[in-house]
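Worksheet for the structure shown next.
Nothing in this text is a laboratory measurement; each read-out follows from the coordinates by a stated rule. For clarity, every value in this text was computed on a predicted model and none was experimentally measured. Positions of Cβ are backbone-derived with ideal geometry, glycine not excepted, and every protein chain shown enters the neighbour counts.
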Amino acid sequence: MDVLSAAERVGFTKRDQTRFEGLEVGTDPQLPENAEELLAYCGVHPADRHAMLAARPDPDRDPEWWAITWALAGEVERDLDLALPSTGFRGWPAVPRSASPVGLFAPAWALLANLPRLRELHAQRGVPESVTAATVAALGGVMHTHRHIFGCAGVGLMPLWGPPLRFRGADYEIGRHDFTRTHMGLGDGVSGHVLSIHIPPTGRLDAQESEESVATAVESFERWYPEEPLAGLVCHSWLLDPQLGEYLRPESNIMRFQTRFDILPHLPPEDPTEGDRELMRLGLHLDVPDHQLTDEDLDNLPQDTTLQRAFVKHLRAGGHWYPRTGMLKTWS
């Protein structure tokens, strides 16, 4: 079965079906025999390990999800060790809410199938085992977040951007941040190699830990990828929205993080609610409804933290939140 037919049959939207265009199912795909060992290496909780092993796709029983799993796995293998182009990366779409347990774990199987290749690549590049383990532990983190938000095991109900990049060698977790190898593109083409800084939801954004993470990354990538001399470091995140300064103290970790960047001019998105959903999902770790947020939705949101209260107050005032892009001022 071809992957586009499979995506349509399991209920992906027309838009999400386009994400599978150009992907092919391998001729003889094989799931790893040591899957439980690999899942433990990825920091997956025993309960989620058990659930995933019970949802192992089968080509005869689950032909659609089998095709989707191996199309995604093939993409990761195809792009192994490649940096992101300046045009970026379109993440894997969330699976339909009606998906079976096999469907909820299909993207995870696609990632796990490539873990042995990734470990070989990291060893060849001189990446320490500790960095490899921290990088692929994103899989366990996503499963934890998925269970917290949706109340069920899996990874599929969340759009996946970072994990596919980690399992192809484009993204590495080093200390407090993870860093994506990518290109900076200007009007006349690619102008240099950059690292894109991300902030995993693993706790406080401590300023010293952040600075140490960046310094270690710069030194490490110079050794691991000498053919990619750095032209700068960039961050695109809701954390860089200057509007947060209207609600947070200047000495807060978020605002201190913002001051380290030159924030680029804002280009309004076609959908002004896009940033609201991103902050709700990534910053507040809440399930985002399919519809535009209503007053009733806002009434039901927790109001325990300053950020939670700021999120609701800003939307009630008619505003929106926007992810912004910034260039790190000092990094070498």
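Structural remarks
- Looking at the chain alone, DSSP beta bridges between its own residues are antiparallel in about 80 percent of cases.
- Extension gain, residue 58-residue 295: 0.36 nm per intervening residue step, less the Cα-Cα distance, totals 80.9 nm.
- Radius 15 Å from Cβ of residue 282, net charge of other residues (Lys, Arg +1; Asp, Glu -1): -3
- Against the compact-protein benchmark of 2.2 N^0.38 Å, the Cα-based radius of gyration of the stretch 225-332 scales to 1.20.
- Placing a label point 7 Å from the Cα of residue 306 along the Cα-to-Cβ line, the residues of the stretch 215-253 whose backbone N sits under 12 Å from it are 244-253.
- Backbone N within the stretch 141-169 under 16 Å of label point (7 Å from residue 287 Cα along the Cβ vector): 144-159
- Sorted by Cβ neighbour density within 10 Å, fewest at the top, the residues 102, 312: 312, 102
- The stretch 228-269: C-alpha gyration tensor shape, a/c 1.5 cut-off, then a/b vs b/c: oblate
- Among 203, 43, 172 - extreme Cα towards positive end, dipole of the chain, charges at beta-carbon: 203
- Spin-label pair residue 212-residue 148: with each label point 7 Å from Cα along the Cα-Cβ axis, the two points sit 2.3 nm from one another.
- Listed residue (113, 233, 52) projecting farthest to the positive dipole end of the chain, Cβ model: 233
- P(r) for the stretch 3-167, from all Cα pairs and a bin width of 5 Å, is 1, 9, 19, 23, 22, 16, 7, 2, 0 %, short bins first.
- Cβ-based exposure ranking for 199, 149, in which fewest neighbours within 10 Å come first: 149, 199
- The orientation-averaged projected area of the convex hull spanned by the Cα atoms of the stretch 157-216 comes to 5.6 nm².
- FRET E, pair residue 266, residue 34, Förster distance 45 Å, beta-carbon r, rounded to 0.05: 0.40
- Cβ crowding within 10 Å, taken as a proxy for footprinting-reagent exposure, orders 45, 183 from fewest neighbours to most as 45, 183.
- Helix screen, the chain: DSSP H segments with Cα axial length of 20 Å or more and mean Kyte-Doolittle hydropathy at least -1.0 are 63-78, 207-224.
- Our analysis of the chain gives Rg over Rh at 0.95, with the two radii drawn from alpha carbon positions and Rh computed by the Kirkwood formula.
- The stretch 3-167 - charge dipole about Cα centre, Lys and Arg +1 at Cβ, Asp and Glu -1, debye rounded to 20: 580
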